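Chemist: Take a look at the following structure, please.
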């Protein structure tokens, strides 16, 4: 990264060169110019990222330099340096997109703080330019927005500025949680909804990064009815909707999100495009397949109910008819079978296997294993591996 120091006084250029913590902030080349015309030639030839320039110089002044840079949309960061505390200079600097304004005599701390901030700003903007050129800018920005909202939803630290940047300004926002049937690919629908909300300046829609069957909508207050009407006409799949209380500050999102989560757990939702009874058998097959795939995670009737749009009681009854076992016994069987496999085929410790299967307590896992198998995990491993060792001799 290059910096250019422009000042007609050699001693001032020497002071700036001495003050700067250049290596610390990634500056590898320090260029100098004694007037505006020379600076212009260096800028055209070397394109320095950071420019420090005096305001008053013979010939082309610092103000004329930033005016010229402004006309060519130069991406570098320009910091004006002057011995005159003149508002007209500041105003002109702001109008032409100058990054900052330093007064002589220059203090080391203030100078390096400005240097650090200008390098950081240029780096961030350069990343944005790269994303735009490679066509990934919008995707990266959307991912950042979705992650910020997800953090707020699960109670993790989040930046309100990231969320505010993609929402229209208003006095209060309405919050809505949308659930998609698990087997439906929700991303295209969330993107379609987000595009519509942004286009109409109603708000935005966010895909939760920890659960891709959930979407959070934040829209300006009293606008939700229009949004829901649009959804009912444009979505051709069933969704469940939970409305929350309005929020006046984005900092209050975690509290409001907790209320939404509780309402979802309590089944306080409204449905659009309900699934019909003919889908019931297929949904049970979907549920069994889902359990077969995610049995090592925390599963419950409540979670399955939210994902597959059936009541907990219905799933409990139908699941036993489908598999011959209750959900809890079916999950336990899958976990014990997996434990048997890993005890024989791997050298993983019993504690690691219990954690992988979702059991935090190794003693509890061992008792459960012995109750089902008749041997402790340690005994089972020794018993099953001995014949293999003998047979290999």
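The values are calculated or read from the model by the stated rules, or taken from the named source; none is laboratory data. Because the structure is predicted, anything quoted here is derived from the model rather than measured. No Cβ is skipped: glycine too gets one built from the backbone with ideal geometry, and neighbour counts run over all protein chains shown.
Chemist: Of these, 56, 24, which one is closer than 19 Å to residue 109 by Cα, in the same structural domain as residue 114 (by TED's automatic domain parsing) and surrounded by fewer than 17 Cβ atoms within 10 Å (Cβ to Cβ)?
Modeler: Numbers: 56 fails: closer than 19 Å to residue 109 by Cα.
Being closer than 19 Å to residue 109 by Cα, in the same structural domain as residue 114 (by TED's automatic domain parsing) and surrounded by fewer than 17 Cβ atoms within 10 Å (Cβ to Cβ) holds for just one of 56, 24, which is 24.
Chemist: Hey, another quick one. Considering only region 1-21, how many residues are surrounded by fewer than 18 Cβ atoms within 10 Å (Cβ to Cβ) and not in a loop (DSSP other than H, G, I, E, B)? Talk me through it step by step, then tell me what you get.
Modeler: Restricting attention to region 1-21, the residues satisfying the condition of being surrounded by fewer than 18 Cβ atoms within 10 Å (Cβ to Cβ) are 1-2, 8-11, 14, 17-19, 21.
The next check asks that each one be not in a loop (DSSP other than H, G, I, E, B); those that pass are 2, 10-11, 14, 17-19.
Counting residues in region 1-21 that are surrounded by fewer than 18 Cβ atoms within 10 Å (Cβ to Cβ) and not in a loop (DSSP other than H, G, I, E, B) gives 7.
Chemist: Among the residues that make up region 178-201, is at least one of them in contact with a helix residue (DSSP H, G or I) (Cβ under 6 Å, 6 or more places away or on another chain), modelled with pLDDT of 90 or more, outside the structural domain of residue 307 (by TED's automatic domain parsing) and within 17 Å of residue 240 (Cβ to Cβ)?
Modeler: Checked region 178-201: no residue is in contact with a helix residue (DSSP H, G or I) (Cβ under 6 Å, 6 or more places away or on another chain), modelled with pLDDT of 90 or more, outside the structural domain of residue 307 (by TED's automatic domain parsing) and within 17 Å of residue 240 (Cβ to Cβ).
Chemist: Kindly list the number of the only condition in (1) in contact (Cβ under 8 Å) with a residue 24 or more places away in the chain; (2) surrounded by fewer than 17 Cβ atoms within 10 Å (Cβ to Cβ) that fails for residue 260.
Modeler: Among (1) in contact (Cβ under 8 Å) with a residue 24 or more places away in the chain; (2) surrounded by fewer than 17 Cβ atoms within 10 Å (Cβ to Cβ), the lone unmet condition for residue 260 is (2).
Chemist: If you check residue 192 against the conditions, is it part of a helix (DSSP H, G or I), surrounded by fewer than 16 Cβ atoms within 10 Å (Cβ to Cβ) and free of Cβ contacts under 8 Å to residues at least 12 places away in the same chain?
Modeler: On the way: part of a helix (DSSP H, G or I): yes; surrounded by fewer than 16 Cβ atoms within 10 Å (Cβ to Cβ): yes; free of Cβ contacts under 8 Å to residues at least 12 places away in the same chain: no.
No.
Chemist: So which residues in region 145-175 are outside any helix (DSSP H, G or I) and within 19 Å of the chain's Cα centre (by Cα)?
Modeler: Start the filter on region 145-175 by keeping residues that are outside any helix (DSSP H, G or I), which leaves 155-159, 165-175.
Residues satisfying the conditions are 155, 156, 157, 158, 159, 165, 166, 167, 175.
Chemist: Another one. Look at residue 310 and say whether it is touching a strand residue (DSSP E or B) at 6+ places or on another chain (Cβ under 9 Å) and more than 20 Å from residue 187 (Cα to Cα).
Modeler: Working: touching a strand residue (DSSP E or B) at 6+ places or on another chain (Cβ under 9 Å): no; more than 20 Å from residue 187 (Cα to Cα): yes.
No; evaluated as a whole, the condition is false for this residue.
Chemist: Do you know which of the residues in region 59-93 that are exposed (fewer than 15 other Cβ atoms within 10 Å of the Cβ) and assigned to a loop (DSSP other than H, G, I, E, B) is modelled with the highest pLDDT?
Modeler: 75
Chemist: Follow-up question, since we're still on this one. Pick from 332, 325: which is modelled with pLDDT of 85 or more, outside any helix (DSSP H, G or I) and more than 26 Å from the chain's Cα centre (by Cα)? Steps first, answer last, please.
Modeler: Working: 332 fails: outside any helix (DSSP H, G or I).
Matching residue, one of 332, 325: 325.
Chemist: Looking only at region 300-338, filter to residues that are under 20 Å from residue 364 (Cβ atoms) and touching a helix residue (DSSP H, G or I) at 6+ places or on another chain (Cβ under 6 Å); which one of those is surrounded by the fewest Cβ atoms within 10 Å (Cβ to Cβ)?
Modeler: Here the answer is 326.
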